[in-house]
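What follows is a set of notes on a single structure, which appears directly below.
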């Protein structure tokens, strides 16, 4: 049996948890076998309602962990509105140098790179059509991104991704009562369990949290890399998220789209755990 103490040393940011293993008779978690199967699926999903039993099982996850809250927005117009808000992140990637650099240097351009580096974003998992993959190779150069931004490409990308995000059964939110460090970890555990349950039930999930975390960053006072216009539309989008989900803005931890579809075209390599003795 594992006894977990989160953030046991507040002055040590590298120590996330202290886990003590003790002898006990335990049952294997039924979700364990789906850890390897869990993946991000960025394809359009079938626009069909969440099945009642699936919704109920996912919503019950917060009670199982006794922490946090899971909720879904399923009404078509609200899903479309959330999809539009999410695309503000894509606009920033093409219009803001620092956002551009947060993405393109970390793209793994082929299967060999993905297998060797493992840490990054494997291009094929983005589910881009062939022309889109070729365009991405040009956009990795900031000077090219600046030029196409002036020609209106961000609006085209936003329109395309709004259709993608709207092609979902629902948009989900993980929230918790405050944004403490410990609660971020607890919210992460809740999200992972929801994801594993969805995988077990044959559902697809794509985390879409860029705008959410940008909003938290702006409201915390970290605004130095953004223009006044960008700060305004990030704040506005963030507050609209909270209004649609009917929650306190500070409690939002993760947003994601969920639905039903075939398997993704590719999977990124998972980074294996590192074992360090005498830590």
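Taking the condition of being assigned to a loop (DSSP other than H, G, I, E, B), on the phi < 0 side of the Ramachandran plot and either modelled with pLDDT of 85 or more or surrounded by 12 or more Cβ atoms within 10 Å (Cβ to Cβ) (or both), how many residues in the stretch 7-28 meet it?
8
Can you name the number of the only condition in (1) farther than 26 Å from residue 266 by Cα; (2) within 21 Å of the chain's Cα centre (by Cα) that residue 125 fails?
(1)
Give the residues of the stretch 56-78 that are without any contact (Cβ under 8 Å) to a residue 40 or more places away in the chain and either more than 22 Å from residue 242 (Cβ to Cβ) or in a strand (DSSP E or B) (or both), sorted by residue number.
56, 60, 63, 66
What number of residues in the stretch 197-212 are under 8 Å from the mean Cα position of the chain (by Cα) and not in a strand (DSSP E or B)?
Of the residues in that region, 3 qualify.
When you look at residue 179, is it part of a helix (DSSP H, G or I), in contact with a helix residue (DSSP H, G or I) (Cβ under 9 Å, 6 or more places away or on another chain) and either touching a residue at least 60 places away in the same chain (Cβ under 8 Å) or crowded, with 23+ Cβ neighbours inside 10 Å (or both), yes or no?
So residue 179 does not fit the description; no.
Can you name the residue in the stretch 71-122 that is surrounded by 18 or more Cβ atoms within 10 Å (Cβ to Cβ) and under 12 Å from residue 268 (Cβ atoms) and, of all such residues, is modelled with the lowest pLDDT?
Step by step, filter the stretch 71-122, then rank; the result is 114.
Regarding the stretch 124-146, can at least one residue be identified that is surrounded by 15 or more Cβ atoms within 10 Å (Cβ to Cβ), modelled with pLDDT under 90, over 28 Å from residue 226 (Cα atoms) and in contact with a helix residue (DSSP H, G or I) (Cβ under 9 Å, 6 or more places away or on another chain)?
no
Criterion first (modelled with pLDDT under 95 and either under 28 Å from residue 129 (Cα atoms) or assigned to a loop (DSSP other than H, G, I, E, B) (or both)) does residue 263 satisfy it?
Answer is yes for this residue.
The values are calculated or read from the model by the stated rules, or taken from the named source; none is laboratory data. From a predicted model like this one, the values you see are computed outputs, not experimental measurements. Because the Cβ atoms are built from the backbone with ideal geometry, glycine has one as well, and the counts that use them run over all protein chains shown.
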